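A short worksheet on the structure shown next.
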Amino acid sequence: MLDKLYLIFGVFICGLFIYAGTIGMQLVGAENANAVKGRTGPSYYHK
Amino acid sequence: MAGDLPNSGNAPVPAGTPAAVPTKPRIKSFTCPNCGGSVEIRTFGLAITVVCPHCSSVIDATNEDFQLLSKFVGKTVYKPKFELGSRGKLKGKLWEVIGFCVRRDVSSGFQWEEYLLFNPYYGYRWLAESNGHWNFVRTIKDKPATDSASAELGGATFRVYYRGRADMVYVLGEFYWQVAVGSRVDMEDYIAPPEMLSLERDGTEVVWSRAEYILPKELEKSFNLKEKLPPRRGVAPNQPSPAMSTWKRVGVMWAIFIAVLTTAQCMTAGMASNTTCFVQSFNFLTNGKSTDTITTPVFDVPKQKANLAIQFDGNTDNSWVWVGGELVNNDTGDVIPFDRTISYYHGYDDGEAWTEGSNSSRLHLSALPGGHYYINMDTESGDWKTTGDERQFIVTVKRDVPTYANYFWCLFFLSILPGMCFMNMRQFEVARWNDSDYSPYQSGSS
């Protein structure tokens, strides 16, 4: 039972890793996770 | 005689055990020469001795004189868990319990029980019990090749578990050798779960037996026992490890997953284009804040979706520069705020040189869509020797850079369960070898 669960988990992780590799996605601690729509802050001064 | 190791429930193998029964046994009753009680022999013609169920005296059963060989002088009377005469089917054959004995390891005092089984067509077998663990035992004619650490038989290697001496403590029923309370044998046990090889040596004969671990519930069902057998305690020497089989399967999968991950990582890193999109130096004021926001020219970020690295390099020397700002997508207006500090300190304290920080700081942006971007930045700095000077820092933007964080995170997540399985397996094995003088898990000093 445990080994079957691990098989599913492992295939999922490997698949996720390969997918993330193709689009340059960082799976943990991505620094642009807090991207916002629209211009704020200093960009406001960019005209 | 042969006995078993403490804690193993291993098998007794009396010397001269007949492999098959040459003559058909008969049932015979007679009067005990000691107490006058009625004694029944189920294997008359094969049994050498029989023990009176009333007074525990050992009686010669080789002829119809039934002479008294010895009287029972012990203080403790043991009750067998299987009634003599009870029958059960094991390994597809019907067996009758005809004898019962209790043995004790001389050095540790550990006791275990053994039950002699009989089938007129297949001869004798044993059931051995210790700590609630059971073994089904048969004598073997082949002599295993042994050395100080192991025994080999039929291509299988058995590891030495026990070497010692055992005394016969109590007997009941009938036996195919001259049984005697107090008789002593040398014993050796070798294990390869779920099997065990046992050697018994009594000075004149050497007998090997092969034991197979059997579950109590299987015995309860086979012998239709009304009372449950005692629960198992601890781990038997040849008890199959469920943790081991799980670990073997999970371990193989783990190795395959790691191989896949490593291959994918090598390919991803090798194929990363690592393209420089933008590089330019900018000024900042020492020990002060920027008065105007720095805005870079718009630069092109190729490829539909990939990571982006923005690196800040500054020549700091026991000082720091902070850069805060945002990456702006000129096409969509999406904004990604960031801040980075470049700080490098070094010195010499208590006779030792030290450094802290770096002249470079990198920001990784994940799965960023391609397009046209620019960066807005404000700066602040401190700990510089002079104030108000203009110094430079360099901003470099790279597209599709090789990274390793995903690889190590996936490695970590994939290793949690195998790690637990390994620890579980090891814990079981340590418990298995706990009572052995030959444990591979003992420290060198012990």
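Values in this text are rule-based calculations from the coordinates and carry no lab data. None of these values were measured; they are calculated from a predicted model. Note that we place each Cβ from the backbone using ideal geometry, even for glycine, and neighbour counts take in every protein chain shown.
Descriptive notes on the structure:
- Placing +1 on the Cβ of every Lys and Arg and -1 on the Cβ of every Asp and Glu, with no other charges, gives the stretch B:301-446 a dipole of roughly 800 debye about its Cα centre.
- In the stretch B:74-190, the convex hull through the Cα atoms has an average projected area of 8.5 nm², a quarter of its surface area.
- Excluding same-chain neighbours fewer than eight residues apart, the aspartates and glutamates reachable from B:Lys248 by a Cα-Cα span under 18 Å are A:Asp3, B:Glu429.
- A P(r) calculated from all alpha carbon pairs of the stretch B:299-446, with 5 Å bins opening at zero, reads 2, 7, 12, 11, 10, 10, 9, 8, 6, 6, 6, 6, 4, 2, 1, 0 percent.
- Dipole check for the protein assembly as shown: with +1 at the C-beta of Lys and Arg, -1 at the C-beta of Asp and Glu, and the Cα centre as origin, the magnitude is about 2280 Debye.
- Sorted from longest to shortest, the spans of the Cα atoms of the stretch B:245-297 along the three principal axes equal 68, 27, 14 Å.
- Taking every alpha-carbon pair in the stretch B:126-258 and binning the separations at 5 Å intervals from zero gives 2, 8, 14, 19, 18, 16, 11, 6, 3, 2, 1, 1, 0 percent.
- Chain B - percent relative contact order, Cα under 8 Å, separation 6 or more: 16
- Listed by chain and number, the lysines whose alpha-carbon sits under 18 Å from that of B:Lys385, ignoring those within fewer than 8 places in the same chain, are B:Lys289.
- Across the alpha-carbon atoms of the protein assembly as shown, the computed radius of gyration and Dmax are 39.2, 122 angstrom.
- Across the stretch B:142-209, counting alpha-carbon atoms alone, Rg and Dmax equal 13.4, 38 Å.
- Largest GNM mean-square fluctuation among B:Gly88, B:Gly357, B:Gly173, using chain B with Cα springs under 10 Å: B:Gly357.
- Inter-label distance for B:Ser273 and B:Ser148, nm, one decimal - labels placed 7 Å from Cα along Cα-to-Cβ: 6.7
- When chain B is treated as a GNM with alpha-carbon contacts under 10 Å, the residue of B:Leu327, B:Leu417, B:Leu46 showing the greatest mean-square fluctuation is B:Leu327.
- The relative contact order of the stretch B:308-442, computed from alpha carbon pairs under 8 Å that lie at least 6 residues apart in sequence, is 31 percent.
- Two-site label geometry, B:Ser38 and B:Thr341: point separation in nm, points 7 Å out along Cα→Cβ: 9.8
- Burial order of peptide ranges B:183-190, B:161-168, B:332-339 (average beta-carbon count within 10 Å, highest first): B:183-190, B:161-168, B:332-339
- Distance-filtered residues of the stretch B:85-126 - backbone nitrogen under 14 Å, label point 7 angstrom along B:Leu68 Cα→Cβ: none
- Full extension of the chain segment joining B:Tyr122 with B:His372 gains 81.3 nm, where the gain is 0.36 nm per residue of separation less the Cα-Cα distance.
- Shielding of B:325-336 by partner chains, average beta-carbon count, 10 Å: 5
- Among the listed pairs B:Lys89/B:Lys217; B:Lys28/B:Lys141; B:Lys91/B:Lys141, those with a Cα-Cα distance over 23 Å are B:Lys28/B:Lys141.
- Rh (Kirkwood; distinct C-alpha pairs) - chain B, Å: 28.6
- Listed residue (B:Phe175, B:Gly154, B:Phe412) projecting farthest to the positive dipole end of chain B, Cβ model: B:Phe175
- Peptide A:10-17 is shielded by partner chain Cβ atoms: per residue, an average of 6 of them sit within 10 Å of its Cβ.
- Neighbouring Cβ atoms from other chains, within 10 Å of the Cβ of residues in B:293-300, number 2 on average.
- Spread of Cα-to-Cα distances over 10 Å intervals beginning at zero, given as percent, for the stretch B:330-416: 10, 30, 29, 23, 7, 1
- Each residue of the stretch B:171-180 was assigned a 3J(HN,Hα) from its phi angle through the Karplus expression (A = 6.51, B = -1.76, C = 1.60, θ = phi - 60°), giving 9, 7, x, 10, 9, 8, 9, 7, 7, 8 Hz with x at Gly and Pro.
- Rounded FRET efficiency, nearest 0.05, which uses the C-beta distance separating B:Lys228 from B:Ser29 and R0 of 30 Å: 0.40
- Sequence-distant aspartates and glutamates (8 or more away, or on other chains) whose Cα lies within less than 20 Å of B:Lys143: B:Asp4, B:Glu152, B:Asp186, B:Glu188, B:Asp189, B:Glu195, B:Glu200, B:Asp202, B:Glu205, B:Glu212
- Total charge dipole magnitude, the stretch B:129-251, about the Cα centre, Cβ charges on Lys, Arg, Asp, Glu only, Debye to nearest 20: 520
- Neighbourhood net charge (13 Å Cβ-Cβ; Lys/Arg +1, Asp/Glu -1) for B:Arg249: +1
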